[in-house]
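A.B. asks: My questions all concern the structure below.
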Amino acid sequence: MSDRFALTGARIFDGTDWHDNAALVVKGEVVEAILPAGAVPSGVSTVETGGGLLVPGFVDIQVNGGGGVMLNDHPDVASIETICRAHAPFGTTALLVTLITDTPAITAAAIAAGAEAAREQVPGFLGLHLEGPHLSIARKGAHDPALIRPMTDADQEALIAARKQLPVLLTTIAPESVEPARVAALAEAGVVVSLGHSDTDYATATAFAEAGATVVTHLFNAMSQIGNREPGLAGAAIDTGLYAGIIADGIHVHPATMILALRGKQGPGKIVLVTDAMATIGTDMTSFTLNGRTIYRKDGSLRLADGTLAGADLDMISAVRYVHRVVGLGLDEALRMASLYPAEAIGQAHRLGRFANGTAADIVGLSEGLGVRNVWIGGERVFGA
């Protein structure tokens, strides 16, 4: 394909507004402009989409696996490539590959792999999300309690050093295992700090937000809940400016609870869609292992033998369809929850989650029924024909 081309024939959503009878002009790896369909400059090759919608690529800040692999089991560049490739057909063009609580050696290997993937510019790789090990055992979820521990000086220094090697580094921590001063130091160094897997109270959660935490991991899951006298971490996520990820599969959070959270959410932070996807995405596998424990895939969920939810069997376009069709959000807001808002949450909205001059040419072509037809990452088609 030419270095400069125009996609025509579809409605275009730029992250804010819809454009009809328009063309999305791409130059190299970036968007050049949205123009009237009849105003495409001569010499620019056109690609007729055959109708449907063109929307900004989805940004997923919590992806544990895909394509049959988990980063925990194989912390290397090949696994990162496989995971990114597995999620592209579902519209995800940028993701944070997530490491679930593991040993210091596995964590170090994952960071090294992420740094190499960034140097190699693996398509779709945005950075790492280290979910643990500095969590609360009381809200461990599927994390191995034997591997959960407080953050030390060495851990803090390792995270700051890792941030220098990665485009984005997000880490989920619990106030029970990390001091506010450490959060401040991490945030100052550019690490995105998320609160999660915590039984903390509302006051402590808001204090950690003031210290520099800006995100909450999988809202309502593995955290203190909203009560009549104590709002907990869930209440802090809704009542403050924190961004909050939510797993919209109809299993992790009831749709009525999602509606209440969306109505009550205070800005500037938004609720963003995350998949919390595991190795199953893009495969027909029925089970896999994590930290030596078997996770079973059945009836749309992933669970340990005792029934504990262990990540999600969810892709991003399915999450978009769920909040649009079941929760009842307008399509534009559902799309923003999958693209612009997560990009904002990790400081990447200057180039991701929207179409404007100079933003990444990460594009998803959807059918009117919200099926994924085509996907471009950096101007290169990675899915479709």
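The values are calculated or read from the model by the stated rules, or taken from the named source; none is laboratory data. This is a predicted model, so every value here is computed, not measured. Here the Cβ positions follow ideal geometry from the backbone for every residue, glycine too, while neighbour counts run over all protein chains shown. Side chains are part of the model used for accessible areas, which takes the heavy atoms of the whole protein and leaves out ligands, DNA and RNA. Shrake-Rupley method; radii C 1.70, N 1.55, O 1.52, S 1.80 Å.
A.B. asks: For segment 12-59, give me the residue count where each residue is farther than 23 Å from residue 383 by Cα, of a type outside the set (Val, Ile, Thr) and not in a strand (DSSP E or B).
C.D. replies: Going through segment 12-59 one residue at a time, the tally reaches 9.
A.B. asks: Which pairs turn up if I take residues in segment 343-364 that are among the hydroxyl-bearing types (Ser, Thr, Tyr) and look for partners that are in a loop (DSSP other than H, G, I, E, B) with beta carbon separation below 6 Å, at least 6 apart in sequence or on another chain?
C.D. replies: 359/351
A.B. asks: Does residue 36 meet the test of being open to solvent by 30 Å² or more (accessible area, probe 1.4 Å) and more than 26 Å from residue 350 (Cα to Cα)?
C.D. replies: So residue 36 fails the test.
A.B. asks: Tell me the residue from 314, 335 that is part of a loop (DSSP other than H, G, I, E, B) and either open to solvent by less than 50 Å² (accessible area, probe 1.4 Å) or farther than 20 Å from residue 69 by Cα (or both), please.
C.D. replies: Of 314, 335, the one residue that is part of a loop (DSSP other than H, G, I, E, B) and either open to solvent by less than 50 Å² (accessible area, probe 1.4 Å) or farther than 20 Å from residue 69 by Cα (or both) is 314.
A.B. asks: Show me the helices (runs of 4 or more DSSP H) entirely contained within segment 98-188 in which 1 or more residues are in contact with a Pro (Cβ under 7 Å, 6 or more places away or on another chain).
C.D. replies: Result: 104-119.
A.B. asks: Among the residues of segment 63-84, which ones are assigned to a loop (DSSP other than H, G, I, E, B), in contact (Cβ under 8 Å) with a residue 60 or more places away in the chain and either surrounded by 22 or more Cβ atoms within 10 Å (Cβ to Cβ) or not charged (D, E, K, R) (or both)?
C.D. replies: Selection gives 64, 67, 68, 72.
A.B. asks: Let me ask you something else. When residues of segment 14-33 are filtered for being within 20 Å of the chain's Cα centre (by Cα) and open to solvent by less than 50 Å² (accessible area, probe 1.4 Å), how many remain? Walk me through how you get there before you give the answer.
C.D. replies: Residues of segment 14-33 within 20 Å of the chain's Cα centre (by Cα): 14-16.
Narrowing the set further to residues that are open to solvent by less than 50 Å² (accessible area, probe 1.4 Å) leaves 14-15.
Of the residues in segment 14-33, 2 are within 20 Å of the chain's Cα centre (by Cα) and open to solvent by less than 50 Å² (accessible area, probe 1.4 Å).
A.B. asks: Moving on to the next point. In segment 300-310, which residues are open to solvent by 10 Å² or more (accessible area, probe 1.4 Å), touching a strand residue (DSSP E or B) at 6+ places or on another chain (Cβ under 7 Å) and assigned to a loop (DSSP other than H, G, I, E, B)?
C.D. replies: Once the filter is applied, which keeps residues that are open to solvent by 10 Å² or more (accessible area, probe 1.4 Å), touching a strand residue (DSSP E or B) at 6+ places or on another chain (Cβ under 7 Å) and assigned to a loop (DSSP other than H, G, I, E, B), segment 300-310 yields 304, 305.
A.B. asks: Another question, then. In segment 277-294, how many are crowded, with 20+ Cβ neighbours inside 10 Å and assigned to a loop (DSSP other than H, G, I, E, B)?
C.D. replies: Of the residues in segment 277-294, 5 are crowded, with 20+ Cβ neighbours inside 10 Å and assigned to a loop (DSSP other than H, G, I, E, B).
A.B. asks: Quick check on this structure: which one of 229, 263, 297 is among the basic types (Lys, Arg) and assigned to a loop (DSSP other than H, G, I, E, B)?
C.D. replies: Among 229, 263, 297, only 229 is among the basic types (Lys, Arg) and assigned to a loop (DSSP other than H, G, I, E, B).
A.B. asks: Still on this structure, please answer the following. Scanning segment 343-385 for residues that are charged (D, E, K, R) and either under 19 Å from residue 125 (Cβ atoms) or in contact with a Leu (Cβ under 6 Å, 6 or more places away or on another chain) (or both), which turns out least open to solvent (accessible area, probe 1.4 Å)?
C.D. replies: Per the stated criteria, the residue is 362.
A.B. asks: I would also like to ask the following. Kindly provide the set of residues from segment 236-269 that are open to solvent by 10 Å² or more (accessible area, probe 1.4 Å), under 20 Å from residue 135 (Cβ atoms) and in contact with a helix residue (DSSP H, G or I) (Cβ under 8 Å, 6 or more places away or on another chain), ordered by number.
C.D. replies: Result: 243, single match.
A.B. asks: When residues of segment 85-97 are filtered for being in a strand (DSSP E or B) and either touching a helix residue (DSSP H, G or I) at 6+ places or on another chain (Cβ under 7 Å) or free of Cβ contacts under 8 Å to residues at least 24 places away in the same chain (or both), how many remain?
C.D. replies: Residues that pass the stated criteria total 3.
A.B. asks: Here is a list of conditions, (1) within 26 Å of residue 81 (Cα to Cα); (2) touching a Gly at 6+ places or on another chain (Cβ under 9 Å), and residue 122 meets all of them except one; can you say which number that is?
C.D. replies: Here residue 122 clears every test but (2).
A.B. asks: Based on this model, can you work out whether residue 95 counts as at negative phi, within 18 Å of the chain's Cα centre (by Cα), aliphatic (A, V, I, L, M) and open to solvent by less than 10 Å² (accessible area, probe 1.4 Å)?
C.D. replies: Here the answer is yes, as residue 95 does meet what is asked.
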